[in-house]
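Data block below; observations after.
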């Protein structure tokens, strides 16, 4: 349960460049709640390992995923379309806290379950058309700490920044992050524990949907 008097740490602000800003909160959720949330999400949500198409080839994602949100909200990425059936009760207070901290509204969340350091996410930007021209993305991390890395979309494509995202941290990415950078979660052989990442989004549905 959420405690009314919980105050997360003051956020750390990281500016990549060109107006791309990252805001990172430590202890985003009350610790007594967050410590059980990883297991509750892992055991109660419907996780699956979809087959996606990247550069014309199909392969299984190196992680498990789940798509949740307001009924009928759809999201298409890498040739895959997911449609939400409504917010599970376990996610409703999480959504409320994320919206309260960030000051932004979200109607859906893409969950990724990294079972160990062998699971990963390649470089990409969250810039699908249904996110709109200026998407704010909020990312809640639970479980094992993992590196979160960035590179520019143009020019020098080498890694230019790295954040360590620990358990119970919340990262807010400004729209310029998606427009000018790509991000990834690389494999880390030394990590044996699991990590769940909840990436909250505001999907703009077509008017005739």
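Using the Cα atoms of the range 8-58 to build a convex hull, what is its mean projected area in square nanometres?
Mean projected area for the range 8-58: 6.6 nm², to one decimal.
How large is Rg over Rh for the range 142-209, taking Rg from the Cα atoms and Rh as the Kirkwood inverse mean of 1/r across Cα pairs?
Rg/Rh for the range 142-209 comes to 1.05.
Once the piece of chain linking residue 162 and residue 179 is laid out straight, how much longer is it, given 0.36 nm per residue of separation minus the C-alpha distance between them?
Extra length from residue 162 to residue 179 when fully extended: 4.3 nm.
If you line up the Cα atoms of the range 9-119 on their principal axes, what length do they span on each, largest first, in Å?
Principal-axis extents of the Cα atoms in the range 9-119, largest first: 43, 39, 31 Å.
Go ahead and estimate [θ] at 222 nm for the chain from helices alone: -39,500 (n - 2.57) per DSSP H run with n ≥ 4, summed, over the residue count, rounded to 500.
The per-residue figure over the chain is -4500 deg cm²/dmol.
Could you please rank 146, 105, 180, placing first whichever residue has the fewest other Cβ atoms within 10 Å of its Cβ?
Placing the least packed residue first, the sequence is 105, 180, 146.
Using the Kirkwood radius over Cα pairs, work out the Stokes-Einstein diffusion coefficient for the range 101-191 at 4 °C and 1.567 mPa s, in µm²/s as a whole number.
Here the translational diffusion coefficient equals 92 µm²/s.
Just so you know, all these numbers are worked out from the coordinates, no wet-lab data involved. Everything quoted here is computed from the prediction, not taken from an experiment. Please note: Cβ atoms are built from the backbone with ideal geometry, for glycine as well, and neighbour counts cover all protein chains shown.
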